[in-house]
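Reading through the C-alpha cells given below for one structure.
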Amino acid sequence: MDQRNGTLPTFFTIAGISDLPALQFPIFLLVVFIYLSTLAGNIAILLLICLYRHLHTPMYFFLANLSILDISSSTITLHKILLTFVSGDKTTSLTVCLAQIYVFLSLTSDELVILTAMSYDRYVAVCNPLRYNVIINQEICALLMSVCWIWGFLICLETFLELTRLTCFQSNKINHFYCDVVPVMKISCNDTSFLEIYILIMGLIVVVVIPFLLTLISYVFIIVSIMKIRTNTGRRKAFYTCSSHLTVVILLYTTLICQYFRPVSGDTLESNKFFSFFNTVAVPILNPLIYSLKNKDVKLAFKKFRCKMQANNKQRTRQN
Ligand SMILES: *[C@@H]1O[C@H](CO)[C@@H](O)[C@H](O)[C@H]1NC(C)=O
C-alpha cells in the first residue's frame, strides 16, 4: 500500500535461476539440452501423428494439441534463460512480461482441461467401445478442443487485467527465470490482496479442482467398468487403453500439488523457483515420453518411420 517509494519501471530485470557467475554456463547447457529434448519429443509426436493414419484418432489429435501446448509453454518459460546467456540482456518490458504471464497461465489451464477432455475420451473408449466412433466424432472433437483452448484464455483474463492495473513497484527485479504472477505481485506496492484471493480461488477451484474432479469421475467409471470385465486379458486390454493417459494425469497433478500447495511467504520464493523449474522442465517432456514408451501404436509408428528411412524411399508407407 505504500506508494511513496514505488514507481512504474519501464523495464524489468529477470533474475534467472542463479546469480552465481560460475553456474551460468552449466545452467545454459542444461536448459539448452532440456529445451531441445522438449522440442524434439513433441515435434516427433506431431510428425508421427501427421504421417500415420492409424494415429488419426481422437486420442492422438488431443495428444497433438497437447504437444503444441507443451512447445509453447516451454518456449515461454525457458527462452529468457537462453537469450540472457547469449545476449547478456536480462531486461524485459512490463507489457511483454504481462503478456507472457497471461499466455503461460492460460496454457497451463488449457493443459488441464485438454487432459480432462482426454479422460472423457478414454471413458468412452473403455465403457462404450462399440459406439466410440459415433460419440467421439469429428465435430465433437473439434468442439471439445476449441472449448479447451478458449477456456484457459477466458479464465485467466481477469487475472491479466488486474495485473495491468498495477502501477507501483518497489523494485524492478523479478526474482524468477520467467515472468510469473507471484514474483511480479511480490514486488508490487499496490494492494494486491484482491488479486491474491482471486488467484487462489480461481486457480484452485476453477483451474485445478474442477478438471481434477471431472477426470476423477471419468476414472471412477472406467475402473468400475474394468472391474466388471470377467477375463484377465479383457481387463488388461481395457486398462491398457487408458494407462498412458492415466500416467500423465497422475504426474501432472502431483507436480502441480508440489508447486502450488505450499505456503507462499517471502523465503519460499527461492525454493519455489526450483520447484517451478522442475515443473516447467518435467511437464512438457512428459507427454511425448510417456506416450512413446507405453504405447504400442506410437511404437509401431516409430518402427514404420525407421523402416521407411532405412528403405530409403524405395517403399512408400503402407496403408493400414
Ligand atoms: C487438435 O484437435 C483437433 C480436434 O480433434 C484436431 O482437429 C486438430 O488437428 C488437433 N491439432 C493438431 C495440431 O493435431
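Every number in this text was worked out from the coordinates using simple rules, so none of it is lab data. Because the structure is predicted, anything quoted here is derived from the model rather than measured. Cβ sites come from the backbone with ideal geometry, for glycine too, and all protein chains shown count toward neighbours.
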Fewest Cβ neighbours within 10 Å first, please rank HIS176, HIS56, HIS245 accordingly. HIS56, HIS176, HIS245
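LYS237 to LEU29: FRET efficiency via 1/(1 + (r/R0)^6), r the Cβ-Cβ distance, R0 56 Å, to the nearest 0.05? Don't skip to the end; give the middle numbers.
Numbers: r = 43 Å, r/R0 = 0.78.
Efficiency, rounded to the nearest 0.05: 0.80.
Where does region 11-307 land on Rg(C-alpha)/(2.2 N^0.38 Å)? Provide the component values of the computation, followed by the final result.
Details: Rg = 20.7 Å, N = 297, 2.2 N^0.38 = 19.1 Å.
My calculation over the Cα atoms of region 11-307 gives 1.08.
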On C-alpha positions alone, give me the angle between the axis of helix 296-310 and the longest principal axis of the chain, in degrees, nearest 10. 90 degrees
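Checking the table LYS228/LYS304; LYS90/LYS299; LYS237/LYS304; LYS80/LYS308; LYS80/LYS303 against a 32 Å threshold on Cα-Cα, which pairs fail? Let's see the in-between values first.
Working: LYS228/LYS304 36 Å; LYS90/LYS299 42 Å; LYS237/LYS304 23 Å; LYS80/LYS308 38 Å; LYS80/LYS303 36 Å.
In this structure, LYS228/LYS304; LYS90/LYS299; LYS80/LYS308; LYS80/LYS303 exceed 32 Å between Cα atoms.
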No partner Cβ under 4.7 angstrom, meaning no disulfide-compatible partner by this rule: which Cys of the chain qualify? CYS50, CYS127, CYS141, CYS148, CYS156, CYS242, CYS258, CYS307
Inter-label distance, nm, simple model (7 Å from Cα along the C-beta direction), ILE217/ALA142: 2.7 nm
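What list do you get for ARG236, ARG230, ARG131 if you sort them by fewest beta carbons within 10 Å?
Values: ARG236 13, ARG230 6, ARG131 10.
Starting with the residue having the fewest Cβ neighbours, the order is ARG230, ARG131, ARG236.
Using a 10 Å cut-off around each Cβ, can you sort THR164, THR280 from fewest to most neighbouring Cβ atoms?
THR164, THR280
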Residue by residue through region 7-12, which ³J(HN,Hα) values in whole Hz follow from phi under the Karplus form 6.51 cos²θ - 1.76 cosθ + 1.60 (θ = phi - 60°), with glycine and proline marked x? 9, 9, x, 7, 9, 10
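Return a whole-number percent for the relative contact order of region 11-307, with Cα pairs under 8 Å and 6 or more residues apart as the contact set. Please report the intermediate quantities before stating the final value.
Values: 290 pairs, mean separation 85.0, N = 297.
The normalised contact order for region 11-307 reaches 29 percent.
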